[in-house]
Amino acid sequence: MADTEASDGLIRLQKVLAQAGLGSRRACEELIEQGRVEVDGHRVREQGLRVDPRTSVIRVDGERVPTAPDLLVLALNKPRGVLSTMSDERGRPCVGDIVADRTERLFHVGRLDADTEGLLLLTNDGELAQRLAHPSHGVLKTYVATVPGPVARDVGRRLREGVELDDGTVRVDSFSVVQALPGRALVELSLHEGRKHVVRRLLEAVGHPVESLVRTQVGPIRLGQQRPGRLRAITGPELRALYTSVGL
C-alpha cells in the first residue's frame, strides 16, 4: 500500500488526519466512524478512503484541517526598525533577512510599519495570505500602544462609535486602558481595519499620539511571550482555527 500511495499521491484518510495532528491513526479512525469527517463536502464514515492531501478539502466537526505536506505558516515578532518586506533595494533591515535561510517562497500577511513591532504572519499559502489581508474577511487585529496620559473616560466610547479620518470613519471593536502611568498610559484596542497607519491615526485623532506600538494578535493567533526577531511555526489547533477564521 505504501508504494501505491507514493506513486499516485493518494493516502489513507486516517493517516492524513494523524499527520495533521488530530491524534493517533486509531483515534482518527474513530473520528471517521463517528461521522465527524468531511472530504470535499461529503461526510465520510467508511475506513480506507484515499485522498490527496495537497488538494482535498478535509474538515473535522466543520473545521478545516490543512493537510498539504509542504504547508508552512510562521508567526514572527517583527522588531522595531525592520521593514515588512522580503527585500529592500536600499539595504535596510527587512523581514526577508530574518527568513533568508529558508527555502520556501514565503508571503508576509499585510504589513507593520517600521516603527511598529509585533505579530506578523508569513506563509507559503498564497490564498491564505490573501484572505487574511483582505478587508472583506474582517480579521480582527489587536494592538497595545503607549500614549500620553491620562486617558479620558470618553475616549473608548468615541473610538467605538467611530472617528472620522481623512479616508473615512473608523471604529474599533474594543478599547481599554491596560495601565495608567505618570504622564502616559498603556492602552489596548482591537479592530478589523487594515488601512495604512490606522491605529496611529486613530489615537492621534482622539488626542493620544502613539509613542510605541505593538501588534499582539491576528485572528486567533497571539504573540504571547515570543521575543522580537523570533519565529515559531503555527500548527495543530492554532493552524486549523486560522484557516477557519477566513472561511478556508
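What the table below lists for this structure:
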{"read-out": "Backbone HN-Hα couplings from phi across the range 72-83 [Karplus 6.51/-1.76/1.60, Hz, Gly and Pro as x]", "value": "9, 10, 10, 9, 10, 8, 5, x, 5, x, 9, 6"}
{"read-out": "Overall dimensions of the chain by Cα: Rg and Dmax, Å", "value": "21.5, 69"}
{"read-out": "Environment charge at Gly194 (Cβ cut-off 10 Å; Lys +1, Arg +1, Asp -1, Glu -1)", "value": "+3"}
{"read-out": "GluC sites (Glu not before Pro) within the range 44-152, DSSP loop, no more than 16 other Cβ atoms inside 10 Å", "value": "Glu46, Glu89, Glu104"}
{"read-out": "Simple spin-label estimate for Asp166 and Val57 in nanometres, 7 Å along Cα-Cβ", "value": "4.2"}
{"read-out": "Amide proton proximity set for Arg64, modelled H, under 5 Å, gap of 5+", "value": "Thr244"}
{"read-out": "Residues with amide H under 5 Å from that of Leu140, placed H, sequence gap 5 or more", "value": "Gly219"}
{"read-out": "Computed over the chain: relative contact order in percent, which uses C-alpha pairs under 8 Å that are six or more apart", "value": "20"}
{"read-out": "Loop-resident sites, the range 64-172, for trypsin sites (Lys or Arg not before Pro), counting at most 15 other Cβ within 10 Å (DSSP)", "value": "Arg80, Arg90, Arg102, Arg105, Arg153, Arg171"}
{"read-out": "15 Å beta-carbon shell around Ala185, net charge (K/R +1, D/E -1)", "value": "-2"}
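Computed from the coordinates by the stated procedures, all read-outs in this text should not be read as laboratory data. Since this is a predicted model, take the numbers as computed values, not measurements. Note: ideal-geometry Cβ built from the backbone for every residue, glycine included; neighbour counts use all protein chains shown.
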